[in-house]
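Inspection log for the structure reproduced underneath, given as structure tokens.
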Amino acid sequence: MKEQSSVITPARTALSPAGLWWGLLGVAAFSFTLPFTRIAVGGLSPLFIGSGRAVIAAALAAIALAATRQHPPTRVQWWRLAIVAGGVVAGFPLLTSFAMTAAPASHGAVVIGLLPAATAVIVVLRTRERPGRAFWWFAALGAITAVVFASLQNGDLGALHWADLLLFAAVLAAAVGYAEGGLLARELGAWQTVSWALVLAAPLMLVLTLASAVADPPTASPVQWLAFAYLAVVSMFLGFFAWYRGLAIGPMAQVSQIQLVQPVMSIAWAALLPHEQIGWPTALGGLAVIVCAALAVRTRLIHPRPTTRPLNEEF
């Protein structure tokens with residue numbers, strides 16, 4: 001029988017180099033997502049891109065799960081996987097695909113720069129942590145900075161384009177999916193979590209893919225098909241192997257800081273791949289959002305909250 005005596009331990013634990021490197025690998029994979037989406041929408045409909053990439057990834061996931069004879073999740077875990085699927089399998093891919101039809105990838109990268117702070121906020125709410133007021137101030141400041149940047153890019157303060165609203169919704173969807181997926185990865189395993197989420201969402205994504213192909217038949221060039229293939233195999237599948245593995249090793253809040261380099265990478269790829277012109281407003285806007293997100297995450301980390309944890313519990 002396991003002893004269930006409890007002690008008070010700090011919520012913060014030592015950062016594992018393995019978690020850091022797995023997280024960085026995942027972020028590097030994700031950093032190509034917006035530039036390649038921008039390329040793919042030139043010949044494929046956003047609905048086809050957002051849903052079709054999930055269908056291909058789900059097929060790969062089903063093969064991996066069957067080949068390794070993974071035990072199915074419990075009923076409660078299926079409900080939590082539905083949250084992950086809604087956030088990172090359906091929500092983020094579809095929202096960003098539609099947004100990239102009207103916004104440059106570099107612009108989207110700045111708005112998506114809110115993701116580290118948004119993920120930290122969701123983790124705080126999900127785990128009922130109580131960080132200091134500074135955390136909430138910096139998180140709010142980051143959101144305001146991103147809104148101001150997007151407005152000024154559209155020519156007038158307060159003039160948000162519909163693509164910006166989709167990007168902000170994509171940030172929220174991804175933050176929820178990242179937070180819940182990171183917690184589930186500690187129970188199911190890193191690649192198993194995203195694989196089960198993909199399989200769960202597959203029927204709906206298949207219907208959407210077929211509907212979009214009939215309504216707007218694909219007319220992509222080889223380069224656009226290659227961009228779509230990357231989105232399906234790497235952004236939608238392999239990248240999550242590394243990212244959820246890093247979050248599972250954790251600590252989650254500290255590993256999530258690695259997301260701060262993603263906007264920088266995405267802006268660089270946007271200049272190199274779709275050959276977008278990166279001006280000073282974009283560079284300064286991205287820097288401001290990254291600084292605010294970094295301050296929010298770091299402020300949370302220096303305010304560890306005591307939690308009651310069984311002596312034998314391990315993450």
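A few points about this structure:
- Contacts under 7 angstrom Cβ, first residue in the range 77-90 being over 13 Å from M205 (Cα atoms), partner charged (D, E, K, R) and open to solvent by less than 50 Å² (accessible area, probe 1.4 Å), 6 or more apart: R80/E180; I83/E180; V84/E180
- Residues of the range 36-44 include at least one that is open to solvent by less than 10 Å² (accessible area, probe 1.4 Å), assigned to a helix (DSSP H, G or I), under 16 Å from L231 (Cβ atoms) and not charged (D, E, K, R).
- Filtered residues of the range 178-227 (kept if of a type in the set (D, E) and open to solvent by 20 Å² or more (accessible area, probe 1.4 Å)): E187, D216
- Scope the range 128-147; condition loosely packed, with under 15 Cβ neighbours inside 10 Å and either in a helix (DSSP H, G or I) or among the aromatic types (F, W, Y) (or both); matching residues: R133, W137, A140, I144
- The listed residues are A64, A59, and the only one of them that is at pLDDT 95 or above, open to solvent by 10 Å² or more (accessible area, probe 1.4 Å) and either polar (S, T, N, Q) or under 16 Å from Q192 (Cα atoms) (or both) turns out to be A59.
- Pairing residues of the range 96-120 that are buried (at least 24 other Cβ atoms within 10 Å of the Cβ) with residues that are modelled with pLDDT of 85 or more and not in a helix (DSSP H, G or I), at Cβ distances under 7 Å and at least 6 apart in sequence or on separate chains, gives S97/V41; M100/V41; G108/M100.
- Some residue of the range 5-21 being under 21 Å from A105 (Cα atoms) and either aromatic (F, W, Y) or at pLDDT below 90 (or both): no
- G26 being under 16 Å from the mean Cα position of the chain (by Cα) and modelled with pLDDT of 75 or more: yes
- Applying a threshold of 6 Å to beta carbon distances and a minimum spacing of six or more residues, or different chains, the list of pairs starting in the range 183-209 at a residue that is closer than 14 Å to P72 by Cα and ending at one that is not in a helix (DSSP H, G or I) reads Q192/Q70; W196/P73.
- Within the range 273-285, being more than 16 Å from F32 (Cα to Cα) and either open to solvent by less than 40 Å² (accessible area, probe 1.4 Å) or not in a loop (DSSP other than H, G, I, E, B) (or both) holds for G279, W280, P281, T282, A283, L284, G285.
- When the residues of the range 252-282 are filtered to those that are small (G, A, S) and farther than 25 Å from Y230 by Cβ, the one that is modelled with the lowest pLDDT is A253.
The values are calculated or read from the model by the stated rules, or taken from the named source; none is laboratory data. Model, not experiment: these values are computed from the prediction. As a convention, Cβ positions derive from the backbone with ideal geometry for all residues, glycine included, and neighbour counts pool all protein chains shown. Areas reflect the complete protein model, heavy atoms only, side chains present, ligands, DNA and RNA absent. Shrake-Rupley method; radii C 1.70, N 1.55, O 1.52, S 1.80 Å.
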